[in-house]
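What follows is a short report on a single structure.
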Amino acid sequence: MAVSRRIRGRAPSADYWPGFVDVMATLLLVLIFLLSIFMLTQFFLAKSITGKDSALDRLRAQISELTDLLALERAEKAELQTTIAALNDALASAESEKAALQSALSEGGSERVAALESALEKEKEISSDALAQVELVNQQLAALRRQLASLQAALEAAEAKDREAQAQIADLGRRLNAALAQKVQELARYRSEFFGKLREALGSRKDIEIVGDRFVFQSEIFFSSGSAALSSAGQSELDKIAAAVQEISRDIPADINWILRVDGHSDAAPIATKEFPSNWHLSAARAISVVQYLADQGVPRKRLVAAGFGEHQPLAKGTSQQDYRRNRRIEFKLTER
């Protein structure tokens, strides 16, 4: 009776309260959905960046290795240059000895001069080989420099591509958020129209109330105690709901993926029959009966879903008969799939 007096006392503001609740529920749904999209976007972005970071690490490792090789080659070049300097000194010394030998030759030491000239030729060959090695090292250094330049260019290109990909992902996220917000707003508008049509069709019954974004019907409107078979009075009420759903479904654009969810709830009094081993079975069977009847009246089957919650989501926490009666209910919710 307290519920009835509360409903009659607020009847004049019924046109404003559901809309306010719709807006709050819609905002909550939008926030949850946007958070989900943001988390997915961050996941794929992190995955993409991780792959690019691995490639950049490999390139940096190659550059480090080539740098070490370049330092090693430079050390070898310095060593060769030292060797060349020593050979040049030896060559100068040999030339001095040659001059001395030529002087000795004039004095009759031809055999010693020939031996010294032979030694001088060998020293020249050694010097020529050293110069060839230095030239080879210079060529290798030039090749390494070219390879380093190529790797640096590849690294810069990869970094530029990574920045471009991040910008594209951010732009895609903004566009997706805008599109989702628009669809949510459209669905909220059609939900308000659906509530309005249901209110017109059902009138101001005391056993029907609006809780958040749901129409709540007492189970006694549709079913007898402990049964999931629709009564004739319940079928009459469902005819009105089916007509309202069909009318609003013609106005909803095809790109909005909406459903009418029918939730069955029971009280906490235990049930254990052959047909219904638990309140869960009973609430699910009642929701399925309602969905099946709506489908038989022409509501598209792909737009219907049934769910049974048993006694686990009560509206009233007490254990009085009035609380039990309020918890035995069928809820209708127009929402997005």
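The values are calculated or read from the model by the stated rules, or taken from the named source; none is laboratory data. Just so you know, these numbers come straight off a predicted model, no measurement behind them. In this analysis, Cβ positions are derived from the backbone assuming ideal geometry, glycine residues included, and neighbour counts consider all displayed protein chains. Please note that ligands, DNA and RNA were not included when accessible areas were found on the heavy atoms of the full protein model with its side chains. Shrake-Rupley method; radii C 1.70, N 1.55, O 1.52, S 1.80 Å.
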Show the residue pairs that are 6+ apart or on different chains and have beta-carbon atoms under 7 Å apart, the first residue being within the range 143-164 and within 20 Å of Leu66 (Cα to Cα) and open to solvent by less than 80 Å² (accessible area, probe 1.4 Å), the second being among the small types (Gly, Ala, Ser) and at pLDDT below 85. Ala158/Ala55
Could you give every pair whose Cβ atoms fall below 7 Å, whose first residue belongs to the range 16-32 and is within 9 Å of Asp213 (Cβ to Cβ), and whose second residue is modelled with pLDDT of 85 or more and open to solvent by 80 Å² or more (accessible area, probe 1.4 Å), counting only separations of at least 6 or pairs across chains? none
Could you run through the range 224-274 and say how many residues are among the aliphatic types (A, V, I, L, M) and in a loop (DSSP other than H, G, I, E, B)? 9
Scan the range 301-337 for residues that are basic (Lys, Arg) and either part of a helix (DSSP H, G or I) or open to solvent by less than 40 Å² (accessible area, probe 1.4 Å) (or both) and jot them down. Arg301, Lys302, Arg303, Arg325, Arg326, Arg329, Lys333
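Would you call Ser232 open to solvent by 50 Å² or more (accessible area, probe 1.4 Å) and either polar (S, T, N, Q) or modelled with pLDDT of 95 or more (or both)? Give the steps one after another, and end with the answer.
On the way: open to solvent by 50 Å² or more (accessible area, probe 1.4 Å): yes; either polar (S, T, N, Q) or modelled with pLDDT of 95 or more (or both): yes.
Yes: the conditions hold for Ser232.
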Matching residues, the range 227-246, being touching a residue at least 12 places away in the same chain (Cβ under 8 Å) and polar (S, T, N, Q): Gln235, Gln246
Working only within the range 21-51, note down all residues that are more than 17 Å from Ala170 (Cα to Cα) and at pLDDT below 80. Gly51
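Return the residues of the range 269-299 that are open to solvent by 50 Å² or more (accessible area, probe 1.4 Å) and over 14 Å from Ser219 (Cα atoms); say none if nothing qualifies. Walk me through how you get there before you give the answer.
So the first thing to find is which residues in the range 269-299 are open to solvent by 50 Å² or more (accessible area, probe 1.4 Å), and the list is 270, 272-275, 277, 280-281, 288, 292, 296-297.
Across the range 269-299, the qualifying residues are Pro270, Ala272, Thr273, Lys274, Glu275, Pro277, Trp280, His281, Gln292, Asp296, Gln297.
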